[in-house]
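The values are calculated or read from the model by the stated rules, or taken from the named source; none is laboratory data. Bear in mind the structure is a predicted one, so any value in this text is a computation, not a measurement. Don't worry about glycine lacking a Cβ; one is built from the backbone with ideal geometry, like all the others, and counts go over all protein chains shown. Only protein heavy atoms, including side chains, enter the accessible area calculation; ligands, DNA and RNA are left aside. Shrake-Rupley method; radii C 1.70, N 1.55, O 1.52, S 1.80 Å.
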Amino acid sequence: MTASSSGEHYLPTAAAPAAVEPAGARADAPGTAFGVRGALDVDGVPFHRLSVVVPMYNEIENAAPLIDEVQAALADYPFPWELLVVDDGSRDGTGAALEQHGATIGPHIRVIRLWRNFRQTAAMQAGIDAARGDVIVTMDGDLQNDPRDIPKLVARLLQGDLDFVAGWRKYRQDGFWLRKFPSRIANSLIRKSTGLQFNDLGCSLKAFRGSVLREVRLYGEMHRFIPAWLATVTSPQRMDEVPVNHRARVAGTSKYGLSRTFRVITDLLAMHFFLNYGTRPGHFFGGIGLFTGSAGGLILAWLAACKFILGQTIGGRPLLTLGFFMVIAGLQLLLTGVLAELLIRIYYDGRHAQPYHHGRLSAPSDDAAWHSNR
């Protein structure tokens, strides 16, 4: 593979030599090579299957151009790839436009239509669940991400033996107050809370090792916190950030604004809880419960000493009411901790529950419906 002098686009150019590979796979017989890891390399990039996941909502003007741009960017890609576009309950005909145009391109263009608008995170999770690739790339459907950057991110991921590579919109082509300013606030909060020093966690153009990404589940607005979630299953040293091209929106309308910052703050608090107490919620509620109950117990013990040793009247003291309710609150928090421990075990045992619902999706066989030049 070769990179341009500007480093903005990385396009594969070399072809693998015809040779007999392990397990009978041949570089000149691509059908027998699908699924063979390490059998076909191109300039240090091992054989892999690539899944590109794109959630879209009310983007009918960008439906056909998106498919065409991804097809053009990956037409000469030397490895099998597929494009999964998730229509997140659009009401403007985006889903139908995607299906109609995708059918004219090939079976490697797959459209998933959700029953209603479940928001971007759930739509992204739907695409990830349906993806079959060893490498999964996510991107926005507004055409502000450049599909020609996909090979560059994948090459960095696999050549560097990484688990995650984030795109960095170093030169954003967005308005300041509605896009750049909220993004800066959100990124700053995320960096301080997680300790992960990424410049642009809001960029949807990201490349993942599929086996690692499938270990996490995305809810709420958690797609912005994917690096933090990945840090629970892999090391931050196996993550990197690469500058990518960013373009101004030319069609459709933005779905983001200042309200996104407040949603990020709410999800940031939830993420902090899950990252620190997700597998031990009893410690969180139990710790608060023990502190509250102990303080209430000390208050009641002091009042008991005043009553029975000093002979004072305590019936009208506000401390009596405070101590009583603190003990009750402590017991309730301890019970909440026990119930949370039970729920978290149900959660980990019930991994098949999904944050979305969609119609029937007939997934092709493991080796079918890939775009490949081999």
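Only a single item in (1) open to solvent by 30 Å² or more (accessible area, probe 1.4 Å); (2) out of contact with any helix residue (DSSP H, G or I) (no Cβ under 6 Å at 6 or more places or on another chain); (3) touching a residue at least 24 places away in the same chain (Cβ under 8 Å) is not met by Arg49, and it is number (1). Contact map, region 196-214: residues that are touching a residue at least 40 places away in the same chain (Cβ under 8 Å) paired with residues that are assigned to a loop (DSSP other than H, G, I, E, B) and charged (D, E, K, R), Cβ distance under 6 Å, separation 6+ or inter-chain. Pairs shown: Asp200/Arg169; Cys203/Arg169; Ser204/Asp140; Arg209/Asp163; Gly210/Asp134; Val212/Asp163.
Of the residues contained in region 61-70, one or more are found to be open to solvent by less than 70 Å² (accessible area, probe 1.4 Å), touching an Asp or Glu at 6+ places or on another chain (Cβ under 7 Å) and modelled with pLDDT of 60 or more.
Quick one: in region 304-337, which of the residues that are polar (S, T, N, Q) and in a loop (DSSP other than H, G, I, E, B) is surrounded by the fewest Cβ atoms within 10 Å (Cβ to Cβ)? Looking at the filtered set, the residue picked out is Thr313.
Apart from one condition, Ala96 fits all of (1) touching a residue at least 40 places away in the same chain (Cβ under 8 Å); (2) surrounded by fewer than 23 Cβ atoms within 10 Å (Cβ to Cβ); the exception is (1). When Leu84 is evaluated against the numbered criteria (1) modelled with pLDDT of 95 or more; (2) open to solvent by 10 Å² or more (accessible area, probe 1.4 Å); (3) not acidic (Asp, Glu), which criterion, by number, is the only one it fails? Unmet condition: (2).
Looking for whichever is touching a strand residue (DSSP E or B) at 6+ places or on another chain (Cβ under 6 Å), open to solvent by 40 Å² or more (accessible area, probe 1.4 Å) and either in a helix (DSSP H, G or I) or under 15 Å from Leu213 (Cα atoms) (or both) here; the options are Arg113, Arg148, Arg156. Which one fits?
Values: Arg113 fails: either in a helix (DSSP H, G or I) or under 15 Å from Leu213 (Cα atoms) (or both); Arg148 fails: touching a strand residue (DSSP E or B) at 6+ places or on another chain (Cβ under 6 Å).
On inspection, the qualifying residue turns out to be Arg156.
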